[in-house]
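The values are calculated or read from the model by the stated rules, or taken from the named source; none is laboratory data. No experiment lies behind these values; they were computed from the predicted model shown. Methodologically, a virtual Cβ is constructed for each residue, glycine included, from the backbone with ideal geometry; neighbour enumeration extends over all protein chains shown. Note: areas computed on protein heavy atoms with side chains; ligands, DNA, RNA excluded. Shrake-Rupley method; radii C 1.70, N 1.55, O 1.52, S 1.80 Å.
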Protein chains: 4
Amino acid sequence: MNFASDNAAGIAPAVLDAMVSANHGHALGYGNDDLTRAVERSIGEIFERDAAVFLVSTGTAANALSLAHVAPPWGGVLCHAQAHIMVDECGAPEFFGGALKLIGLDGDAGKLAPALLEAAIARHTGHRPHAVQAAAVSLSQASEAGTIYTAAEVAALAEIAHARGLKVHMDGARFGNALARLNASPAELTWRAGVDVLSFGATKGGALAAEAIVIFERASADTMHERRKRGGHLLSKHRFIAAQFAGFLADGNWLTWARHANRMADRLAHGLARHSVAPVWPVEANIVFVVLPRAADARLRAAGASYYARDGAPEGIRMAPGDVFARLVTSFATTDTEVDRFVDLAAG
Amino acid sequence: MNFASDNAAGIAPAVLDAMVSANHGHALGYGNDDLTRAVERSIGEIFERDAAVFLVSTGTAANALSLAHVAPPWGGVLCHAQAHIMVDECGAPEFFGGALKLIGLDGDAGKLAPALLEAAIARHTGHRPHAVQAAAVSLSQASEAGTIYTAAEVAALAEIAHARGLKVHMDGARFGNALARLNASPAELTWRAGVDVLSFGATKGGALAAEAIVIFERASADTMHERRKRGGHLLSKHRFIAAQFAGFLADGNWLTWARHANRMADRLAHGLARHSVAPVWPVEANIVFVVLPRAADARLRAAGASYYARDGAPEGIRMAPGDVFARLVTSFATTDTEVDRFVDLAAG
Amino acid sequence: MNFASDNAAGIAPAVLDAMVSANHGHALGYGNDDLTRAVERSIGEIFERDAAVFLVSTGTAANALSLAHVAPPWGGVLCHAQAHIMVDECGAPEFFGGALKLIGLDGDAGKLAPALLEAAIARHTGHRPHAVQAAAVSLSQASEAGTIYTAAEVAALAEIAHARGLKVHMDGARFGNALARLNASPAELTWRAGVDVLSFGATKGGALAAEAIVIFERASADTMHERRKRGGHLLSKHRFIAAQFAGFLADGNWLTWARHANRMADRLAHGLARHSVAPVWPVEANIVFVVLPRAADARLRAAGASYYARDGAPEGIRMAPGDVFARLVTSFATTDTEVDRFVDLAAG
Amino acid sequence: MNFASDNAAGIAPAVLDAMVSANHGHALGYGNDDLTRAVERSIGEIFERDAAVFLVSTGTAANALSLAHVAPPWGGVLCHAQAHIMVDECGAPEFFGGALKLIGLDGDAGKLAPALLEAAIARHTGHRPHAVQAAAVSLSQASEAGTIYTAAEVAALAEIAHARGLKVHMDGARFGNALARLNASPAELTWRAGVDVLSFGATKGGALAAEAIVIFERASADTMHERRKRGGHLLSKHRFIAAQFAGFLADGNWLTWARHANRMADRLAHGLARHSVAPVWPVEANIVFVVLPRAADARLRAAGASYYARDGAPEGIRMAPGDVFARLVTSFATTDTEVDRFVDLAAG
């Protein structure tokens, strides 16, 4: 019963197989190999765009490099106050971005809302050169609350951003989960809706350590080669990140796995709700937030269930003393059995 | 016949096996798993020291993070003018080090010499706060010229450095190759000789992407957690870097493989020398530098041999027009057959 | 009628005289002159402490260098959400601090409150290495709302900070104004209350461009020499910043001028209040915030009064359409006449 | 007898007068005042170009901000190995430039030579993304050896740079001295010869602390507003830097003073040469390098002469034990009398 993180799962067998397959003969290092080229092309095809693709091994690297690309050192990046880039990356975006500024906005259920975004941009525009100028918006898809933006919602936010000269970044560490839920294509959910740069995650979805920075305007992308290299993020045996993506993308694996993880989250949410433990936010990807009664939490921990408790529930959520605000994350590897057992234990 | 780089080889089977073995069940992410702890301890045992160990996935990251640790942003790091950190990392040490300064020194056969080091430290000490102050020395073991420092040589340089308050870093991307050649223990070649921080490389030796930053004084190491994270170099499925090291270190694999690579380099050097293509520098690790006559180069290229040509031979080496100053690198995967075929083709 | 900023005033005659006096003969550059040494000592005497003193020419430099000194690049600096360092320095603290993070807190009338500070420190402590760790607190004395911290208030905040290992910085761009109001000595209001580093401003108080970074623990101060130099903030003809301080500090000028500016603010506030234009926040230094009725604003502008309007009044303040939330700043140069004329015009 | 530095002189009376004149009434801060605008325009007129002008208070700031403007963080800036930016600014260019790399070149008498520049650019071009790419050249005018580049020499170097896509920066801390010597206009010696950005110094020439960053292509200059502000280099009472330039430029003062300083250097050089103490390098600006015999040095020091000794004479210069390689700098304030006395003492 591991619901601690989709990072806690291992490598999906098809990904590992692809790595094993790639392990023959020699290949030029640093991305100058055929497999890398092929994977970069594949990603372009999936997004129906001649995009520039840069593979790296962590989501933090993908986000930080992307943000450095879309905002100058004296620019502000608007994001949700609870976004991963804001609270979980130890200042990596600021570091890679030459000391740019992240500006956290409130927003229900982990999402930015158009009116608040518009007001925030206005607040961070003008008063030059004293004030940091809003330069980019970063959206988490899926969000840290397990919710997702529809293509129309992305487009509405991106339109506001672009109208004021801001770029749009999407942190897609769980992009597959969002996509699997929506009736939309990768293109519709990104550049057609106004996303300029995507951190396209494979790690949480089943890879070992593989993320792609996808810059939809190739013309602007050239300096990313240097950014990645001097960040120490250009692997010498680069073909093995490419191989991970090859296995991840083959036969639509990534969406199959994401759909599975989402289904497990649904099953978990429904199961818990039947026992009056309703999800705090809409369950739209592979994350379920619930308030676990003290006794349920104790039973689950005793049975070895693994999950993280968050500090304090969001406003408006009632918690009794000892209750736990729990984050439950499913993955490609989650099984019906462990979900059902978790629900049974929670039910008591 | 691939002699382009030890990075061009794939993953040694024992390393890949260890990764496959690690791929079961769940594990906490970000290094909080048992395998990571075990590997960190193993590395300490190998070095006979309660060292702080930080695993990362590239040599550039290991070097840049290490140098940021040993020198302040206004410090100078003295290294060979042709060191990897100086010419091949796109400014990563400067970036991670908050704009520290690399100061390149001349030195025969890729190595720093005590007298020149001493003079350089003197030249970069004083005149505060106008001049960047010498803060650290970085030694490449093996060097970019394929030569190595004996424990006594390391100790002589480290003594000079320490006497003036400088720290000593060792870029050990090919530490195994150096160690395999010398009659010395890992401890003797590092902290006992005065090395403060080691970039301990496994990638070139047979891993996929695994390097360890080894800080011999644990007390000073704590901030490396933040440095690594905000550099984007803390993997979420961290246990798979640990697994690589587990396979690399098991049964002395790393030294067996390094010894093999060194032997292949020797065989290559001796073979070529028999045909009057003598190595330019002593062959002490797994790299051979030779001047290939134009015709030999043409024959080798036609037969599909892969290797890099360097611009211009070093001073004192005669080259005819069309001759090529070639760098030939062997690895754990190099075979007698390809070495012999290379020699035969070179011989004409 | 200039109430735009205390920066809008010129140089106080005594400061200019001191500069003229210093302009004879030669002096070693870069702070190695007698006048600089004397002024550094004087500042120490004023604060009753053997402090390390570094003169620079802007408040932004003083703040940014100070914050870089008290927080590591991966540290968080807690400050009021409207603090100058947060909204008016274009990211200078982040830039000098190697991409540290400013964390803005709410607080009535521009001041931090102990309970909120304590909660914020708790929120930004732990979850290493993912979360930026609270490393320092910065207090503005006087605050951007024109309010001041008593010595007891500083001590209460500093105690909370120190108890959790944080350093305390004070942005004293208007330190003189605060001090002039309180019955306290410079020492009582700073290091005796727990301030570790002070940006001690003279510019707003009557100098041309002179600020002092005062590090109360001399032992930790040494690297500030390099920080200042590489920030381009070590003047070659350094004695002329020193001369400004000499004139500023002589005969208690700075406190006389600050007291005058405060009195002008009081006169302005009382005058306006008599006409139902009451100050929004307590007038404790040399800044008065009021809501000017539309007609009053029009009359004042027509008469050439200079002052800044702020966007939106704070919560709880009623404004009619067209009303202006105005910031009125007095200085050493403000006269009774212009205050009275301003009041008359506002009264209509 | 002060020949330590042109920084050791004070403020030229006309500059101080201009500051005093500017000290009346109020003015908007941060460069939004009439005097600043007028001075920016004047500088454009002097250079016959609608250039963007940014005033700052130190040469280090002017250089570091300029270099950050012309080279990306992963770019290399080629300069003389003894250039001020390389050896005397404590890494400021690297810091402001986001960790860019300075690459020092040899060159006779402090000057870069076309052939060496061309070779260096070639050496630092290509091998992307591993190698830092040559991005800009910085010329010191006058050089640290007291020599100057003619307009034709600047043009030859700039042509090489521009042909390879590099920008050209000129460190003109002593631009006036160079110009005063040559039969050329400011425009001819800068943008007409290919200089893209100039650090135009007034401090050494007679100001207190005033330097102008002159960006000849205004279209590219906009971000300098943010660079300067976040570097802490936008003065609040900015009009007083402008006033310094007003006094400096009025009536051609700057050239008159530079011509005087140059003449003093000539007189010194000729005087010493008559006594067999010939200048080591051509005396073309206001600096004279000589080998002072031990006895002469002792006499001069005893008589209170102030000047700096440099470590080791350049190659090819004979020095007896105890001889001193001395740098003698003249200024607007140097008198015939002190020159003659110095010569007499040196002569014995």
Item to check | Residues (within 28 Å of A:His69 (Cβ to Cβ), more than 11 Å from chain C (Cβ to nearest Cβ) and surrounded by fewer than 24 Cβ atoms within 10 Å (Cβ to Cβ)) located in the stretch D:76-101 | outcome: none
Checklist entry - Are any residues in the stretch A:112-151 in contact with a helix residue (DSSP H, G or I) (Cβ under 8 Å, 6 or more places away or on another chain) and closer than 15 Å to A:Arg192 by Cβ, and if so, which ones? => result A:Leu139, A:Gln141, A:Tyr149, A:Ala151
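Matching residues to (1) more than 12 Å from chain A (Cβ to nearest Cβ); (2) closer than 17 Å to B:Ala246 by Cα; (3) in contact with a Ser or Thr (Cβ under 7 Å, 6 or more places away or on another chain); (4) at pLDDT below 95:
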| residue | (1), (2), (3), (4) |
| --- | --- |
| B:Asn2 | no, no, yes, yes |
| B:Ala9 | no, no, yes, yes |
| B:Ala22 | no, yes, no, no |
| B:Leu35 | no, yes, no, no |
| B:Arg41 | yes, yes, no, no |
| B:Ser57 | no, yes, yes, no |
Checklist entry - If only one of A:Leu139, A:Leu166 is more than 30 Å from D:Asn32 (Cβ to Cβ) and either of a type in the set (Gly, Ala, Ser) or in contact (Cβ under 8 Å) with a residue 12 or more places away in the chain (or both), which one is it? => result A:Leu139
Next on the checklist: Can you report the number of residues in the stretch A:123-150 which are under 21 Å from the mean Cα position of the chain (by Cα) and surrounded by fewer than 21 Cβ atoms within 10 Å (Cβ to Cβ)?
Outcome noted: 1
Checklist entry - Out of (1) within 22 Å of C:Arg128 (Cβ to Cβ); (2) in contact with a Gly (Cβ under 8 Å, 6 or more places away or on another chain), what's the single condition that is false for A:Pro93? => result (2)
Checklist outcome for this item: Of the residues in the stretch B:24-39, those that are touching a residue at least 60 places away in the same chain (Cβ under 8 Å) and surrounded by 15 or more Cβ atoms within 10 Å (Cβ to Cβ) come to B:Ala27, B:Gly29, B:Tyr30, B:Gly31, B:Asp33, B:Leu35, B:Thr36, B:Val39
Checklist entry - Regarding C:Gly29, is this residue under 20 Å from D:Thr58 (Cα atoms), in contact with a His (Cβ under 8 Å, 6 or more places away or on another chain) and of a type outside the set (D, E, K, R)? => result yes
Checklist entry - Residue check: is A:Leu345 farther than 29 Å from A:Leu255 by Cα, in contact with a strand residue (DSSP E or B) (Cβ under 8 Å, 6 or more places away or on another chain) and modelled with pLDDT of 95 or more? => result no
Next on the checklist: Can you say whether B:Ala64 is within 14 Å of chain A (Cβ to nearest Cβ), open to solvent by less than 10 Å² (accessible area, probe 1.4 Å) and either of a type in the set (A, V, I, L, M, F, W, C) or part of a loop (DSSP other than H, G, I, E, B) (or both), as far as the supplied structure shows?
Outcome noted: yes
Checklist entry - Residue check: is A:Val280 touching a strand residue (DSSP E or B) at 6+ places or on another chain (Cβ under 7 Å), within 13 Å of A:Ala326 (Cα to Cα) and either open to solvent by less than 10 Å² (accessible area, probe 1.4 Å) or basic (Lys, Arg) (or both)? => result no
Checklist outcome for this item: Among C:Gly172, C:Gly194, C:Gly231, the single one that is modelled with pLDDT of 95 or more, within 14 Å of another protein chain (Cβ to nearest Cβ), in contact with a helix residue (DSSP H, G or I) (Cβ under 9 Å, 6 or more places away or on another chain) and buried (at least 20 other Cβ atoms within 10 Å of the Cβ) is C:Gly231
Item to check | Odd one out for A:Glu118, checked against (1) part of a loop (DSSP other than H, G, I, E, B); (2) over 30 Å from A:Asp251 (Cα atoms); (3) more than 7 Å from every other protein chain (Cβ to nearest Cβ) | outcome: (1)
Next on the checklist: Taking the criterion of being without any contact (Cβ under 8 Å) to a residue 24 or more places away in the chain, charged (D, E, K, R) and within 25 Å of D:Gly231 (Cα to Cα), would at least one residue in the stretch A:111-124 satisfy it?
Outcome noted: yes
Next on the checklist: Looking at C:Ala303, C:Ala285, C:Ala265, C:Ala309, can you tell me which residue is at pLDDT below 95 and either more than 14 Å from chain D (Cβ to nearest Cβ) or touching a Lys or Arg at 6+ places or on another chain (Cβ under 7 Å) (or both)?
Outcome noted: C:Ala309
Checklist outcome for this item: Only unsatisfied item for D:Thr256, checking (1) hydroxyl-bearing (Ser, Thr, Tyr); (2) in contact (Cβ under 8 Å) with a residue 40 or more places away in the chain; (3) surrounded by fewer than 18 Cβ atoms within 10 Å (Cβ to Cβ), is (2)
